[in-house]
Amino acid sequence: MIRYHPSVTLSSITPVYDFTFAPIWNHSTRTELPDCERLYVASGSHPQSRLSVITSQPFLHTLQSSPHGDILTGIWTVCIQGMVLVVLGYPSCTKLLYVKDHGIQGIEFEDISELSWINSNCETRSIGTVSNSLIQIQKSELQLSIPKYKSTTVKAKRWIPTVPINIIDGIFNDEYVIMYTSNPSTLIVLKVLADVQSDSLFVDQISSIALDFQVSCIYHPSSALHFRVVPEPIIILGTFQPSLKIITLNSLLTSMLCLHTIDLSLFADMYLNIPHSIILFTKWKCGIFPLENRRRFVLDMGNPI
């Protein structure tokens with residue numbers, strides 16, 4: 001059990017490898033606090049990585065960072081069944097942390113990696129929720145489960161494609177999982193149905209969309225408030241060109257339409273501008289993504305600033 005206490009002292013946590021947001025939940029009542037978020041940051045250098053937690057309520061301050069072993073390859077937050085989970089990805093394993101938020105008194109992390117909710121003995125490429133299920137995207141397969149608060153016995157289901165694939169990243173939207181695979185460069189769309197009462201999970205592949213470029217990361221905004229002109233889901237792709245492509249899929253999720261492309265080579269050395277993760281700040285109407293040289297690029301709703 002790791003307990004974090006608020007600190008008003010700001011210190012450097014560079015280099016930053018990845019970061020993600022999650023709402024603040026009252027641990028006792030299991031309710032979300034309005035307009036409150038915490039920023040979870042994976043940073044550090046070999047052989048020591050750090051997990052840092054930053055909040056802006058009531059003012060910007062850093063909750064004390066804590067070492068977390070080898071280099072982190074990714075960090076994700078998942079809100080499901082009234083729980084906030086932090087997932088830490090490493091080259092050969094994954095840690096699942098349950099967040100107990102005590103507000104200004106600090107937060108606690110309980111390591112629940114030993115539960116069957118995820119496969120902790122592999123690298124995680126992405127993780128999220130679809131239809132009340134927790135979905136862990138691994139290099140060549142998926143693991144699905146239906147976590148329940150304070151339950152240690154959870155059924156897990158594996159989805160293994162008929163043809164071996166190399167999954168790079170994935171996103172989650174309503175009932176669908178959209179994954180990017182390399183060799184060949186493809187978007188794969190899966191439909192996931194979950195029955196909480198019977199703990200049943202069903203996975204069906206909807207489509208496979210070929211791309212003529214290589215993708216470095218894929219992102220789906222959790223809020224479509226700023227994209228109401230387009231009814232289909234908005235997806236942001238980072239590419240090795242390097243560029244950002246804002247795309248959408250048709251209503252059948254079988255074809256792709258590119259809405260806008262941002263050429264990142266115009267801003268600096270093109271080989272240093274390959275995006276590796278993207279985050280949209282819905283409350284501040286801007287996006288930030290880490291680049292190859294660990295700099296940050298800020299996008300103000302489609303206009304670079």
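Rule-based calculations on the coordinates, nothing more; no lab input. Keep in mind that what you see is a predicted model, and the values were worked out from it rather than measured. As a convention, Cβ positions derive from the backbone with ideal geometry for all residues, glycine included, and neighbour counts pool all protein chains shown.
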Taking the dipole of the stretch 112-176 about the Cα centre (Lys, Arg +1; Asp, Glu -1; charges at Cβ), the one of 145, 127, 163 that reaches farthest to the positive side is 145
Interchain or long-range residues, amide H under 5 Å from residue 182's placed H | 166, 168
